[in-house]
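This report concerns only the one structure given below.
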Amino acid sequence: MAEKGVEDVEVIQIDVFKGEHRTPEYLAKVGLPTVPALELDNGRVITESVAICRYLESVYPEPNLFGRDAEEIAVIEMWARRAELLLAMPLMMAVRHGHPALAALETQTPEIAANGRSGAERAMKLFDRRLGESEFIAGERVSIADILAFTGLDFARMVQFQPPETATHVRRWAAAMRARPAAGAGA
């Protein structure tokens with residue numbers, strides 16, 4: 001929402017440490033104890049971050065984050081899936097299973113944390129190579145692929161994960177993403 005400049009959606013903070021996502025009221029509305037959730041004016045609720053982003057892309061088409069034509073849409077989708085599956089998800093698992101504060105939310109498995117971290121470390125090579133070819137992950141402008149990758153990378157700071165010094169293109173890109181006004185949204 002911040003990257004698109006969407007300001008007319010009410011944001012309600014949910015405290016997962018207090019279990020607000022597990023209350024009967026929340027579960028009746030959302031169906032699962034997950035965040036985020038977007039409640040539409042008609043009462044329908046959309047969960048899953050990328051599904052919410054796709055909905056917002058349709059309602060607020062500019063700036064475009066998902067592609068303008070068939071080729072760009074496919075390239076952005078390809079890199080978004082790679083960003084989510086190869087980088088963001090492994091890093092989120094490293095945090096969920098490796099940060100002591102999150103032990104209050106679920107039983108942690110250190111092997112899952114280690115596996116997530118090593119998967120993300122392997123993915124750094126792919127993303128560094130790609131970012132040596134273009135300013136942003138899917139091309140010459142910010143897209144959902146950048147948002148997914150950066151969100152995962154930024155979240156992983158909780159477990160002191162940083163791109164290695166050798167990933168110079170990833171480090172340049174991460175600094176550029178961190179400098180964007182949207183990076184501070186919700187902080």
Unique residue being acidic (Asp, Glu) and either crowded, with 20+ Cβ neighbours inside 10 Å or in a helix (DSSP H, G or I) (or both) when the list is GLU121, GLU106:
GLU121
Looking at GLU57, is it among the charged types (D, E, K, R) and surrounded by 12 or more Cβ atoms within 10 Å (Cβ to Cβ)?
yes
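Please verify whether VAL30 is out of contact with any Leu (no Cβ under 7 Å at 6 or more places or on another chain) and under 18 Å from ALA2 (Cβ atoms), treating the condition exactly as stated.
no
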Could you list, ordered by first residue, the pairs with Cβ atoms under 8 Å in which the first is in region 47-71 and touching a residue at least 12 places away in the same chain (Cβ under 8 Å) and the second is of a type in the set (Lys, Arg) and assigned to a helix (DSSP H, G or I), at least 6 apart or interchain?
PHE66/ARG54
In the list ALA83, ALA94, which residue meets the criterion of being under 20 Å from ALA185 (Cβ atoms), outside any loop (DSSP other than H, G, I, E, B) and under 18 Å from the mean Cα position of the chain (by Cα)?
ALA83
Residue pairs qualifying under the 6 Å Cβ cut-off, at least six apart or on distinct chains, with the first in region 11-24 being outside the structural domain of MET1 (by TED's automatic domain parsing) and surrounded by 11 or more Cβ atoms within 10 Å (Cβ to Cβ) and the second being part of a helix (DSSP H, G or I) and of a type in the set (D, E, K, R), are none
Within region 24-76, the count of residues that are over 14 Å from the mean Cα position of the chain (by Cα) and part of a helix (DSSP H, G or I) comes to 19
If a residue must be within 16 Å of the chain's Cα centre (by Cα), within 18 Å of ILE76 (Cα to Cα) and not in a helix (DSSP H, G or I), how many such residues does region 133-187 contain?
5
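The values are calculated or read from the model by the stated rules, or taken from the named source; none is laboratory data. Keep in mind it's a predicted model, so treat the numbers as computed, not measured. Positions of Cβ are generated from backbone atoms using ideal geometry, with glycine treated the same way; all protein chains shown enter the neighbour counts.
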